[in-house]
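These notes are about the structure you will find just below.
The values are calculated or read from the model by the stated rules, or taken from the named source; none is laboratory data. Source: prediction; values computed, not measured. Here Cβ is always computed from backbone atoms with ideal geometry, including for glycine, and neighbour counts include all displayed protein chains.
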Amino acid sequence: MASSRPTNVGILAMDIYFPPTCVTQEALEGHDGVSKGKYTIGLGQDCMAFCSEVEDVISMSLTVVASLLEKFNVDPKQIGRLEVGSETVIDKSKSIKTFLMQVFEASGNTDIEGVDSTNACYGGTAALFNCVNWVESSSWDGRYGLVVCTDSAVVDGKLSQTCYLMALDSCYRILCEKFEKLEGRPFSISDSDYFVFHSPYNKLVQKSFGRLYFNDFMRNLSFVDEAARETLAPYASLSGDESYQSRDLEKANQQAAKHVYDEKVQPSTLIPKQVGNMYTASLYAAFASLLHNKNTSLVGKRVVLFSYGSGLTATMFSLRLQEGQHPFNLSNIVTVMNVSDKLKQRLEIRPEEFVETLKIMEHRYGGKDFVTSKDCSYLPPGTFYLTSVDSMYRRYYGKKDKVIA
């Protein structure tokens, strides 16, 4: 008996939202009194976006969900599952998904499965896989699944780089094993057109791809060019633990892989470098950058993605891109995301004002019984914003009206 379950389940549409307020990393270096280049060169970052007192993970989620449904002309009744990935806890028992149900209220659609997934920066990928598995299952009712990745953390703890790279090595090894089992030949970096990484800061992305290149070198010398073999040969005898601690190997990896990095990774780095760590949304902001930069040239191309969440959980998976039919075609997705204009139209804030905003946000986090300024003058039309939190911790949101020409 033939199976009627869907195959080749994938992503049909994408939209992205980040706060229109930002601070440059160069200005922050001066304000923080650190050495010039510590953030811009040492971390590889250009700007950092941040929420003002009228924005939070819920308002941003409301904004992007409403935008996606409208711009791709999706009937709210056609959403059958809504999954949210986030590590920003607003309510210890109530999921962000329940707040998003107000977007579907006017349509009368209350029949939407799903809740939040939480595990550091990995929650977004868990939410994505939940939706994919639902569509592939006998539980699927023929409607769309919608995934939201949202965070607005204000404190960035020191990342355990070694854990990240160990997870990367392990995931790459398993991906290679599965590929060889399916295809009957070894996998190498050359088998994928692009690589997209969870991007807390760009320097880690550079180190990560260098690490994959070193893995290929150790697996089969023919996977890398002659110059790379000479560069990496002195490190071939290092143990696993030694290789994670060696700064010299780290630099050699990046040097050997740079020409491939520029081709296969650099196109995915725009938004993470301009916005900063987006936590659960980080990997998918990088993927959005790739779509923005390469557009329809991606048709038929293979992309490998690495998702990571501290604690730790990690997955490496791949996608093959198709052109799709309007409105779910690559060129329209790029048009809807409108990344260039969103970046250009941001308001650059002085570091002093940025620090003051963070103090307000920190003081109000988990708080109740307050009213915001409701100042949404710098927010784009159609953006949701926080107006107040009452004495019972209930949160209330407004929506900036769109200008009708």
*Scan (1) under 26 Å from residue 288 (Cβ atoms); (2) buried (at least 21 other Cβ atoms within 10 Å of the Cβ) for the single condition residue 232 breaks and write down its number.*
(1)
*Out of all the residues in the range 247-256, is one or more surrounded by 24 or more Cβ atoms within 10 Å (Cβ to Cβ), in contact with a strand residue (DSSP E or B) (Cβ under 7 Å, 6 or more places away or on another chain) and either among the polar types (S, T, N, Q) or at pLDDT 95 or above (or both)?*
no
_Residue among 42, 80 that alone is of a type in the set (Gly, Ala, Ser), touching a Lys or Arg at 6+ places or on another chain (Cβ under 6 Å) and touching a residue at least 60 places away in the same chain (Cβ under 8 Å)_ = 80
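Residue by residue, here is whether (1) over 17 Å from residue 261 (Cα atoms); (2) surrounded by fewer than 15 Cβ atoms within 10 Å (Cβ to Cβ); (3) modelled with pLDDT of 95 or more holds:
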position	(1), (2), (3)
166	yes, no, yes
179	yes, no, yes
182	yes, yes, yes
188	no, no, yes
195	no, no, yes
216	no, no, yes
*Please verify whether the range 110-117 includes one or more residues that are closer than 25 Å to residue 371 by Cβ and not in a loop (DSSP other than H, G, I, E, B).*
no
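Let's see how each residue does on (1) more than 24 Å from the chain's Cα centre (by Cα); (2) under 30 Å from residue 160 (Cα atoms):
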{"residue": "313", "(1), (2)": "no, yes"}
{"residue": "323", "(1), (2)": "no, no"}
{"residue": "326", "(1), (2)": "yes, no"}
{"residue": "329", "(1), (2)": "no, no"}
{"residue": "332", "(1), (2)": "no, no"}
{"residue": "339", "(1), (2)": "no, no"}
{"residue": "344", "(1), (2)": "no, no"}
{"residue": "372", "(1), (2)": "yes, no"}
*Those residues that are farther than 14 Å from residue 57 by Cα and touching a residue at least 40 places away in the same chain (Cβ under 8 Å), I need them from the range 84-120; list them, please.*
102, 103, 119, 120
*Scanning the range 43-97 for residues that are polar (S, T, N, Q), out of contact with any strand residue (DSSP E or B) (no Cβ under 9 Å at 6 or more places or on another chain) and closer than 19 Å to residue 384 by Cβ, which turns out modelled with the highest pLDDT?*
67
*asked:* Among the residues of the range 21-36, are any modelled with pLDDT of 95 or more, part of a loop (DSSP other than H, G, I, E, B) and buried (at least 19 other Cβ atoms within 10 Å of the Cβ)?
replied: no
*Scanning the range 75-101 for residues that are aliphatic (A, V, I, L, M) and surrounded by fewer than 18 Cβ atoms within 10 Å (Cβ to Cβ), which turns out farthest from the chain's Cα centre (by Cα)?*
101
*Check whether at least one residue in the range 336-351 is more than 27 Å from residue 29 (Cα to Cα) and surrounded by fewer than 20 Cβ atoms within 10 Å (Cβ to Cβ), and report yes or no.*
yes
